[in-house]
Ligand code: AMP
């Protein structure tokens with residue numbers, strides 16, 4: 001099973017998608033984690049993406065697409081995977097569709113975590129990750145609105161979208177996600 005998690009920073013994509021991947025026995029792929037790890041290791045990619053991460057801007061599509069193509073070819077993705085924070089642009093979504101079509105492993109479901117801005121800001125300020133300062137947070141929310149939110153329509157038109165209210169407790173949100181997964185099994 002292949003699932004995309006869509007939602008603004010702070011909506012809970014990480015927490016929820018890690019738990020779901022474990023439950024389903026499939027791989028959890030976070031492009032944000034992969035990029036941060038590359039940066040810590042100071043690989044060529046890491047050095048190229050550092051400024052984007054610091055500024056809360058999306059890294060260029062091709063860089064992300066290359067790491068996703070490599071990562072999804074590994075054996076642990078055979079039973080399926082969850083894409084957490086990818087795709088983030090229409091171009092990435094189209095490229096993912098092409099990649100998965102070549103492999104005859106299409107997407108099964110897109111889960112959108114829906115939450116209002118006030119609650120997001122509260123959560124992000126509490127989280128305190130390196131890129132969680134006010135200026136970066138605002139830039140990341142803006143990137144989401146401008147570049148990622150159009151994916152809601154993209155996946156809705158493809159009948160893959162399932163929107164979940166992410167304002168409740170982690171447990172309630174998780175149960176709603178499991179119900180969405182059950183509905184496509
Ligand atoms: P995340 O951990 O998913 O919030 O991602 C942290 C940062 O990594 C983002 O603010 C972007 O700079 C970068 N990033 C992660 N995933 C992507 C992606 N799919 N496309 C472009 N940039 C990304």
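A short reminder: the numbers here are calculations on the coordinates, not readings from a lab. This one's a predicted model, so the numbers in the text were calculated from it and none came from an experiment. Reconstructed Cβ throughout: ideal geometry from the backbone, glycine too, with neighbour counts over all protein chains shown.
Things worth noting here:
- Order of 183, 163 - criterion: other Cβ atoms within 10 Å of each residue's Cβ, fewest first: 183, 163
- Full extension of the segment from residue 170 to residue 156, taken as 0.36 nm per residue of separation minus the current Cα-Cα distance, would add 2.6 nm.
- Max mean-square fluctuation residue, GNM over the chain, Cα-Cα springs under 10 Å, options 93, 101, 149: 101
- Extension reserve of the residue 135-residue 98 stretch, reckoned as 0.36 nm per residue once the Cα distance is removed: 9.8 nm
- In the chain, the DSSP-assigned H stretches of four residues or longer account for a calculated mean residue ellipticity at 222 nm of -16500 deg cm²/dmol, using -39500 (n - 2.57) per stretch and the full residue count as denominator.
- For the range 31-145, Kirkwood radius (reciprocal of mean inverse C-alpha pair distance, Å): 15.6 Å
- Label separation (residue 55 vs residue 70): 2.4 nm, computed from points 7 Å beyond Cα along the C-beta direction.
- Pairwise FRET efficiency - residue 77 versus residue 44, Cβ, R0 = 25 Å, nearest 0.05: 0.60
- FRET efficiency estimate (nearest 0.05) - Cβ-Cβ, residue 125 to residue 185, R0 45 angstrom: 0.75
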